[in-house]
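Novice: Have a look at this one.
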Amino acid sequence: MTEPATTTSKDFIREIIDEDLASGKHSGTVTRFPPEPNGYLHLGHAKSICLNFGIAQEYGGRCHLRFDDTNPTKEEVEYVESIKTDIRWLGFDWGEHLYFASDYFEQLYDWAVSLIREGKAYVDDQTADEIRKTRGDLQTPGTASPFRERPVEENLDLFARMRAGEFGDGEKVLRAKIDMAHPNLNLRDPVLYRILHAEHHRTGDAWCLYPMYDYTHGQSDALEHITHSLCTLEFENHRPLYDWFLENLPVPSRPRQIEFSRLNLTYTVMSKRKLLQLVNEKYVSGWDDPRMPTLSGVRRRGYPPEALRNFCKTIGITKFESTNDFALLEAAVREVLNRTAPRYMAVLDPIKVVLTNYPADQVEEMEAMNNPEDPAAGSRLVPFSRELYIDREDFMEVPPPKYFRLSPGTEVRLRSGYFIRCHEVVKDAAGEIIELHCTYDPETRSGSNPPDGRKVKATIHWVSAAHAIDAEVRLYDRLFAAEFPDRGEGSFLDHLNPDSLKVLSNAKLERNLAAIAVGETVQFERLGYFCADPDGTPDRPVFNRTVGLKDAWAKAKGQS
């Protein structure tokens, strides 16, 4: 497993940890990553994973993986397993510290009973709508429930019967008795338990009474002796309630909640609800569609985990909400792949080239570098023959000024091959170019300059027609055309990019690409980085475009 890069800069969270360790408040650091198993992890979770697991590594502590599995109607084992896979792929491991909120159901129930006994919780018969209407708002205090002063014994009896399954979904809830006029709406008698007659993925039908997140989270932290409970800014207003529970329950430790800004990206939505809508309404092929901002999606697209870790390190940890440019993430991907990805030649829109003066039965093996950025990567042999394929965009019959690629009468170099000159253009009945007749200069093999010293201004890639592999190439682009798809009027779906996927079914690849494993990312020379997709077969591989060699969107914006 690749070791994640350590972070040396001190953000405000690390400064707090340093102070706590220096003062003796804590002798070590214990963090946690607490996902809900109701969907796949996305890039926003990557920031939290890198922070929580990264801090544990830096301080010689540990990070727990704890599933917040308190809503059986939305949770599935599939999501649990996908989350484990994503965390390990990102380069982290929880070791023996795997937990579930459901591990603590009995203890949480007992603590709820203790709140009832102390007059700090009560059973409410109001509906969810009634509770919502009587909560008030920032200008208006809430209205006390007519059941708020129920006797303790009656509350204990009703709560026990709720657990026993005597009531239907939504018929009763347990609420904390705090302050219906509190300026923080989260402390206006929040709901602690609701009734859900649903099968739980771990506890089966043992429970029909499930705790709410706000009640579960802090107590789970305390039971696991978490020292620093790191969460995103939307939970800042929940911190007083987090602390209220810790102060009013006999918990074994006192974790501290600290909030940081979440990861936002342009041209992306990070709402799990919206991502689920994209999947369910089939705007994408699934959670791992390479256009999705899920970790499974970017993995299938070919993003290296090192790039995500570097990206999270670059954007840093702050308390201020901001939106990062998607181009910054793509730049992090390019930086890693430029160093690590082997180079190959691929022709996406082929046009045949016949070298009329090359022996028909001859095949040469040309030596090509695997990665100019890494001499240790060595070289490979690429077959060269009379008939080749080049990309259609590398030829123009009537070229504009300063067009340096192949055209009638001009000469170019074939990468790791020869100089060639075009003499004849062959077209079909519809006028479509189907073949170019060229000659090669045998004195210019593999970078050699001709005796007369002439030079060419362009080098293009190619593959031998007789040795080419047929492939499908999927050109993925950003899923949304708008920079901020979930802002403004209308639906975020109105901003879907109609060109987010183009499928090229007639690509020709050099033979060495037959050995590329599913999930491996390579560079198609001059074209970009591409990842072998599981949809491919040995006879017909499929490659997904990971990212181009340059930021095409920045160029497009500069021309607009």
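Residue-wise test of (1) surrounded by fewer than 20 Cβ atoms within 10 Å (Cβ to Cβ); (2) under 20 Å from residue 34 (Cα atoms).
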| residue | (1), (2) |
| --- | --- |
| 247 | yes, no |
| 250 | yes, no |
| 253 | yes, yes |
| 260 | no, yes |
| 271 | yes, yes |
| 278 | no, no |
| 291 | no, no |
| 296 | no, yes |
| 299 | no, no |
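Novice: Looking only at the stretch 431-457, how many residues end up being in contact (Cβ under 8 Å) with a residue 60 or more places away in the chain and over 19 Å from residue 367 (Cα atoms)?
Specialist: Matching residues across the stretch 431-457 total 7.
Novice: On the given criteria, is residue 525 touching a His at 6+ places or on another chain (Cβ under 8 Å) and of a type in the set (Asp, Glu)? Before the answer, list the steps.
Specialist: On the way: touching a His at 6+ places or on another chain (Cβ under 8 Å): yes; of a type in the set (Asp, Glu): yes.
When the stated conditions are applied, residue 525 passes them.
Novice: List the residue pairs whose Cβ atoms are under 8 Å apart, where the first residue sits in the stretch 263-291 and is farther than 13 Å from residue 497 by Cα, the second is of a type in the set (Ser, Thr, Tyr) and in a helix (DSSP H, G or I), and the two are 6 or more positions apart or on different chains.
Specialist: That search, which allows pairs on different chains as well, returns 287/82; 287/296; 288/296.
Novice: Residue 534 versus (1) exposed (fewer than 13 other Cβ atoms within 10 Å of the Cβ); (2) in contact with a helix residue (DSSP H, G or I) (Cβ under 9 Å, 6 or more places away or on another chain); (3) within 25 Å of residue 377 (Cα to Cα): which is the lone unmet condition?
Specialist: Status for residue 534: all satisfied but (3).
Novice: Only residues that are of a type in the set (A, V, I, L, M, F, W, C) and either in a loop (DSSP other than H, G, I, E, B) or within 41 Å of the chain's Cα centre (by Cα) (or both): list them for the stretch 436-476, please.
Specialist: Applying the first criterion (of a type in the set (A, V, I, L, M, F, W, C)) to the stretch 436-476 yields 436, 438, 456, 458, 460, 462-463, 465-466, 468-469, 471, 473, 475.
Listed by number, the residues that qualify are 456, 458, 460, 462, 463, 465, 466, 468, 469, 471, 473, 475.
Novice: Further, regarding this structure: For the condition modelled with pLDDT of 95 or more and either out of contact with any Leu (no Cβ under 8 Å at 6 or more places or on another chain) or among the basic types (Lys, Arg) (or both), what is the one hit in 386, 445, 454?
Specialist: Details: 445 fails: modelled with pLDDT of 95 or more; 454 fails: modelled with pLDDT of 95 or more.
None of the others qualify; the one that does is 386.
Novice: Output the residues belonging to the stretch 477-529 that are assigned to a strand (DSSP E or B) and over 20 Å from residue 339 (Cβ atoms).
Specialist: Here is the first cut: in the stretch 477-529, the ones assigned to a strand (DSSP E or B) are 480, 496, 501-509, 521-524, 528-529.
Across the stretch 477-529, the qualifying residues are 480, 496, 501, 502, 503, 504, 505, 506, 507, 508, 509.
Novice: Being touching a Ser or Thr at 6+ places or on another chain (Cβ under 7 Å) and surrounded by fewer than 21 Cβ atoms within 10 Å (Cβ to Cβ) is the filter here; which residues of the stretch 105-132 pass it?
Specialist: 126
Novice: Among helices (runs of 4 or more DSSP H) lying entirely in the stretch 43-144, which contain 1 or more residues that are at pLDDT 95 or above and either in contact with a Leu (Cβ under 9 Å, 6 or more places away or on another chain) or under 30 Å from residue 268 (Cα atoms) (or both)?
Specialist: Working: elements: 43-58, 77-90, 105-117, 128-134.
Qualifying helices (runs of 4 or more DSSP H): 43-58, 77-90, 105-117.
Novice: Might you let me know whether the stretch 318-332 holds any residue that is surrounded by fewer than 23 Cβ atoms within 10 Å (Cβ to Cβ), at pLDDT below 95, acidic (Asp, Glu) and on the phi < 0 side of the Ramachandran plot?
Specialist: Within the stretch 318-332, one or more residues are surrounded by fewer than 23 Cβ atoms within 10 Å (Cβ to Cβ), at pLDDT below 95, acidic (Asp, Glu) and on the phi < 0 side of the Ramachandran plot.
Novice: Sticking with this one: Does the stretch 342-349 contain any residue that is assigned to a loop (DSSP other than H, G, I, E, B), among the charged types (D, E, K, R) and in contact with a strand residue (DSSP E or B) (Cβ under 7 Å, 6 or more places away or on another chain)? Steps first, please.
Specialist: Here is the first cut: in the stretch 342-349, the ones assigned to a loop (DSSP other than H, G, I, E, B) are 342, 345, 348-349.
Then keep just the ones that are among the charged types (D, E, K, R); that gives 349.
So of that shortlist, the ones also in contact with a strand residue (DSSP E or B) (Cβ under 7 Å, 6 or more places away or on another chain) come out as 349.
Yes, the stretch 342-349 contains at least one residue that is assigned to a loop (DSSP other than H, G, I, E, B), among the charged types (D, E, K, R) and in contact with a strand residue (DSSP E or B) (Cβ under 7 Å, 6 or more places away or on another chain).
Novice: Among the helices (runs of 4 or more DSSP H) lying completely within the stretch 232-331, list those that include at least 2 residues that are of a type in the set (Lys, Arg) and either in contact with a helix residue (DSSP H, G or I) (Cβ under 7 Å, 6 or more places away or on another chain) or assigned by TED's automatic domain parsing to the domain that holds residue 479 (or both). Can you show your working first?
Specialist: On the way: elements: 239-248, 272-280, 295-301, 305-315.
Passing ranges, in order: 272-280, 295-301, 305-315.
Novice: Being over 30 Å from residue 516 (Cβ atoms) and touching a Lys or Arg at 6+ places or on another chain (Cβ under 8 Å) is the filter here, so list the residues in the stretch 453-493 that pass it.
Specialist: 456, 486, 492
Novice: Of all the residues that make up the stretch 395-410, how many are among the hydroxyl-bearing types (Ser, Thr, Tyr) and over 41 Å from the mean Cα position of the chain (by Cα)? Reasoning before the result, please.
Specialist: Taking the stretch 395-410 as the starting set, the residues that turn out to be among the hydroxyl-bearing types (Ser, Thr, Tyr) are 403, 407, 410.
Remaining after also requiring over 41 Å from the mean Cα position of the chain (by Cα): 407, 410.
Of the residues in that region, 2 qualify.
Novice: Something else now. When only residues in the stretch 215-245 that are among the polar types (S, T, N, Q) and surrounded by fewer than 22 Cβ atoms within 10 Å (Cβ to Cβ) count, which is farthest from the chain's Cα centre (by Cα)?
Specialist: As a first pass, look at the stretch 215-245 and keep what is among the polar types (S, T, N, Q): 216, 219-220, 227, 229, 232, 237.
Filter once more, keeping what is surrounded by fewer than 22 Cβ atoms within 10 Å (Cβ to Cβ): 232, 237.
On the way: 232: 17, 237: 27 Å.
Taking the candidates together, the pick is 237.
Novice: Turning to a different aspect of this structure: Can residue 543 be described as of a type outside the set (D, E, K, R), in contact (Cβ under 8 Å) with a residue 24 or more places away in the chain, surrounded by 12 or more Cβ atoms within 10 Å (Cβ to Cβ) and closer than 25 Å to residue 338 by Cα?
Specialist: On the way: of a type outside the set (D, E, K, R): yes; in contact (Cβ under 8 Å) with a residue 24 or more places away in the chain: yes; surrounded by 12 or more Cβ atoms within 10 Å (Cβ to Cβ): yes; closer than 25 Å to residue 338 by Cα: yes.
Against the criterion (of a type outside the set (D, E, K, R), in contact (Cβ under 8 Å) with a residue 24 or more places away in the chain, surrounded by 12 or more Cβ atoms within 10 Å (Cβ to Cβ) and closer than 25 Å to residue 338 by Cα), residue 543 qualifies.
The values are calculated or read from the model by the stated rules, or taken from the named source; none is laboratory data. Source: prediction; values computed, not measured. Glycine gets a Cβ as well: all are built from the backbone with ideal geometry, and neighbour counts include every protein chain shown.
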